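Enquirer: So that we are looking at the same thing, I have put the structure below in C-alpha cells.
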Amino acid sequence: MTERRRAFRGAAVGALTGALAVAAHATADGGTPDSTSLTLVALVSLGLGLTASTVGTRRDGRIPIAGWLSAGQVIAHLVLVLATGHAHPVGAPMLAAHAAAVVVGAVLVASAERLAAVAGSVLRAVRFVPLVPAPAEGPPLTGYLSAVVPVPLLPALSRRGPPSA
C-alpha cells in the first residue's frame with residue numbers, strides 16, 4: 001500500500017469514526033453530545049486516523065477498514081458515555097446502530113479507495129504527453145501528414161473482470 005493510500009485511509013477512518021459514532025449514538029437514543037464530548041470524540045478520531053495511516057495493513061478491502069472502524073466505534077462510544085455522565089446499558093438498538101456505522105463506513109472507505117485508484121490512473125493517462133522529436137535538418141519531406149495517430153489510453157482501462165476461458 002502506498003503512502004498516499006495509507007494517508008487517505010487514515011483520514012477517512014478518522015473522519016468517519018467521529019461522524020458515524022456521534023450519529024449512531026444519537027440515533028439509538030444515546031443523547032446528543034455537548035461540546036466537551038465532541039472534542040473528545042474528535043481527539044479519538046484524530047488518534048485513530050493517525051494510527052490507521054501509520055500502522056497500515058498489507059491487505060486492501062473492507063476487512064482491515066472494518067477493524068479500525070470497529071475499534072473507533074467502541075472507543076468513541078465509551079468516550080460519549082463517560083463524557084455525558086450517564087451510563088446506560090448497551091442494548092440492541094445501540095449495538096445495531098454502531099454495527100451499521102461500521103459496515104457503512106467500511107463500504108464507503110473501500111469504495112472511495114478503489115475510485116481514487118481508478119481516477120488516478122485516468123488522470124495519469126490523460127496527462128501523458130508524448131515527446132515529439134525535433135525535425136531533422138535537411139531537405140523538406142515529400143508528402144504530408146494526414147492525421148495525428150492517437151496514443152491508446154491503456155493504463156486507464158481497468159484490468160479487473162472475469163478470468164478468460
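Enquirer: Can you confirm whether Thr51 is assigned to a helix (DSSP H, G or I), at pLDDT 85 or above and within 17 Å of Gly105 (Cβ to Cβ)? Spell out the reasoning first.
Expert: On the way: assigned to a helix (DSSP H, G or I): yes; at pLDDT 85 or above: yes; within 17 Å of Gly105 (Cβ to Cβ): yes.
Yes, satisfied.
Enquirer: Go through the residues of region 27-42 one by one and say whether even a single one is at pLDDT below 80 and of a type in the set (D, E, K, R).
Expert: yes
Enquirer: For Ser70, state whether it is in a helix (DSSP H, G or I) and more than 17 Å from Val103 (Cβ to Cβ).
Expert: Details: in a helix (DSSP H, G or I): yes; more than 17 Å from Val103 (Cβ to Cβ): no.
So Ser70 fails the test.
Enquirer: Sticking with this one: Condition test on Ala165, is it at pLDDT 70 or above and of a type in the set (Gly, Ala, Ser)? Break it down into steps so the answer makes sense when it comes.
Expert: Values: at pLDDT 70 or above: no; of a type in the set (Gly, Ala, Ser): yes.
No: the conditions fail for Ala165.
Enquirer: Quick one: Val102 ticks every box in (1) surrounded by fewer than 13 Cβ atoms within 10 Å (Cβ to Cβ); (2) out of contact with any Pro (no Cβ under 9 Å at 6 or more places or on another chain); (3) modelled with pLDDT of 70 or more except a single one, so which number is it?
Expert: (1)
Enquirer: Filter region 26-55 down to the residues that are within 18 Å of the chain's Cα centre (by Cα) and open to solvent by 60 Å² or more (accessible area, probe 1.4 Å) and list them by number.
Expert: Leu46, Leu50, Thr54, Val55
Enquirer: While we're here: What pairs come up if the first residue lies in region 18-39 and is without any contact (Cβ under 8 Å) to a residue 40 or more places away in the chain, the second is open to solvent by 30 Å² or more (accessible area, probe 1.4 Å) and β-branched (Val, Ile, Thr), and their beta carbons are under 9 Å apart, counting only those six or more places apart or on different chains?
Expert: Close Cβ pairs satisfying both conditions: Ala26/Thr32; Thr32/Val22; Leu38/Val22.
Enquirer: Within region 10-25, is there a residue that is over 16 Å from Ala110 (Cβ atoms), touching a Ser or Thr at 6+ places or on another chain (Cβ under 9 Å) and open to solvent by 40 Å² or more (accessible area, probe 1.4 Å)?
Expert: Looking for residues that are over 16 Å from Ala110 (Cβ atoms), touching a Ser or Thr at 6+ places or on another chain (Cβ under 9 Å) and open to solvent by 40 Å² or more (accessible area, probe 1.4 Å), one finds at least one in region 10-25, hence yes.
The values are calculated or read from the model by the stated rules, or taken from the named source; none is laboratory data. As the structure is a computational prediction, the values presented were derived from the model and not from experiment. Here Cβ is always computed from backbone atoms with ideal geometry, including for glycine, and neighbour counts include all displayed protein chains. Please note that ligands, DNA and RNA were not included when accessible areas were found on the heavy atoms of the full protein model with its side chains. Shrake-Rupley method; radii C 1.70, N 1.55, O 1.52, S 1.80 Å.
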